[in-house]
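Before any comments, here is the structure.
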Amino acid sequence: MTTTRFAPSPTGHIHIGNLRTALMNYLIARKAGGTFILRIDDTDPERSKEEYVDGIKQDLEWLGLHWDQVERQSERLDRYAEAADKLREIGRFYEAFETPTELDLKRKKQLNMGKPPVYDRAALALTDAEKDALRAERGAGVWRFKLDQERIEWADGILGDISIDAASVSDPVLIRGDGQVLYTLASVVDDTEMGVTHVVRGSDHVTNTATQIQIIGALGGTVPSFAHHSLLTGPQGEALSKRLGTLSLRDLRAQGVQPMALLSLMARLGSSDPVELRADMAELIDGFDITRFGSAPTKFDEQDLFPLTARHLAGLPLAEVAEAIAGAGVPDDKAAQFWEVTRENITTLHDLQGWWTMMHSGVAPEIDAEDADFVAEAMKLLPDAPFDDQTWSTWTAAVKEATGRKGRGLFMPLRKALTGQAHGPDMSALMPLLQVIKARTAGR
Ligand code: GLU
């Protein structure tokens, strides 16, 4: 039975990078008919906030990434304490008392001597009496997991065969001096007890994975399949880390990005399959294949989300946008006609408002100097509102007759005079919705 989890720390709103992780885990579970767990990694009581827990859930719900089970690490502290006891019993856990400054000094010395900055395990040599003295002087120490110094190997679902020499990695601290259990241990206990079979996470976790494989082994658990996706960069390959704050899912949502656009892009970006707009979750699940993803950093440009959003919206039936249309002030009896006219002419639903304002209240016309006389003459020929779907063809025929203009030189100045812009809906379909035409007075 396939079980995956998305395990955000509720220390902020989730962003595009987190979405990549969430989506891959979700799709793996759904594709296999398995279980998708939302695990809140909240062992840090100072940085974890309830508002972010709520925010994460809202964001996942907005995207349609529904979870089957929710777990909170803060409610499982006794499980972690048990695991810690077990590690102590089997001699794989030791207390160390170095201060951050001392550790820093050790690292600098090692680097100066051209050695990798790996913790030297000095604490292993402490006698009980020395430990008591240090504890009395400095308080409780940190607890480090004693790695077996051998190669740690796994077949990564994205990176391929990985082999890491445990001797090049410091024994990881699993419990802090103040007793706080760190993620590395909590995650292992949870993955084991919750039967997680596949873990997909960012490649910044590769070293963690190596140590976690040994911890799982020490606790007698089953090692899940690991896959590490590449990290996202900006369009020019620049680090995204500083901008992630503005790439939160709620910001993208506020900008009008549609969930299907976001999911369609993120289910393919960085893979050898092309990005395709998917109609629904079933198509996304069907078209997902983690083995197609590569290890190279993945360029992400949020601008790519807008054409996908526009295409997604253009294909929606009225019922799915009725609320947004009503929100733009369009009366119910005009909604269907309004949607037909605007659906191909919006990037996000926010653009509906502009079209309705134009139709309902009019806009400042755009009239190029060389067209001013022509537009003024044309306006005299325009019948009074209400217009119908014949108005545009009859009117432009009359204007053509009177002025001798034709083609683009005829239609474009009239479109710009009525709508204030050069692009937009088919004018025959738009005319019946136009209620106020400012060009009329402006042109005279
Ligand atoms: N809370 C961890 C993070 O957000 C989870 C990593 C994992 O998937 O194991 O980085």
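Points to keep in mind about this one:
- Check on Arg268, more than 16 Å from the ligand (Cβ to nearest atom) and not in a loop (DSSP other than H, G, I, E, B): no
- Listed by position, the strands (runs of 3 or more DSSP E) inside segment 124-230 whose residues that are more than 14 Å from the ligand (Cβ to nearest atom) and of a type in the set (Ser, Thr, Tyr) number at least 3 form an empty set.
- Lone qualifier among Gly354, Gly329 - being without any contact (Cβ under 8 Å) to a residue 60 or more places away in the chain and part of a loop (DSSP other than H, G, I, E, B): Gly329
- Residues that are surrounded by fewer than 14 Cβ atoms within 10 Å (Cβ to Cβ) and either at pLDDT 95 or above or out of contact with any Lys or Arg (no Cβ under 6 Å at 6 or more places or on another chain) (or both) do not occur anywhere in segment 257-267.
- The residues in segment 1-60 that are away from the ligand (no atom under 13 Å from the Cβ), more than 18 Å from the chain's Cα centre (by Cα) and not small (Gly, Ala, Ser) can be counted, and the count is 11.
- For segment 402-420, the condition holds for at least one residue, the condition being that it is more than 47 Å from the chain's Cα centre (by Cα), at pLDDT 95 or above and in a helix (DSSP H, G or I).
- Only residues that are more than 19 Å from Asp301 (Cβ to Cβ) and of a type outside the set (Ser, Thr, Tyr) were counted in segment 1-20, giving 9.
- Residues in segment 300-325 that are assigned to a helix (DSSP H, G or I) and more than 18 Å from the chain's Cα centre (by Cα): Ala310, Arg311, Leu313, Ala314, Leu318, Ala319, Glu320, Val321, Ala322, Glu323, Ala324, Ile325.
The values are calculated or read from the model by the stated rules, or taken from the named source; none is laboratory data. The structure presented is a predicted model; accordingly, all values stated were derived computationally and were not measured. Heads up, the Cβs are rebuilt from the backbone with ideal geometry, glycines too, and the neighbour counts pull from every protein chain shown.
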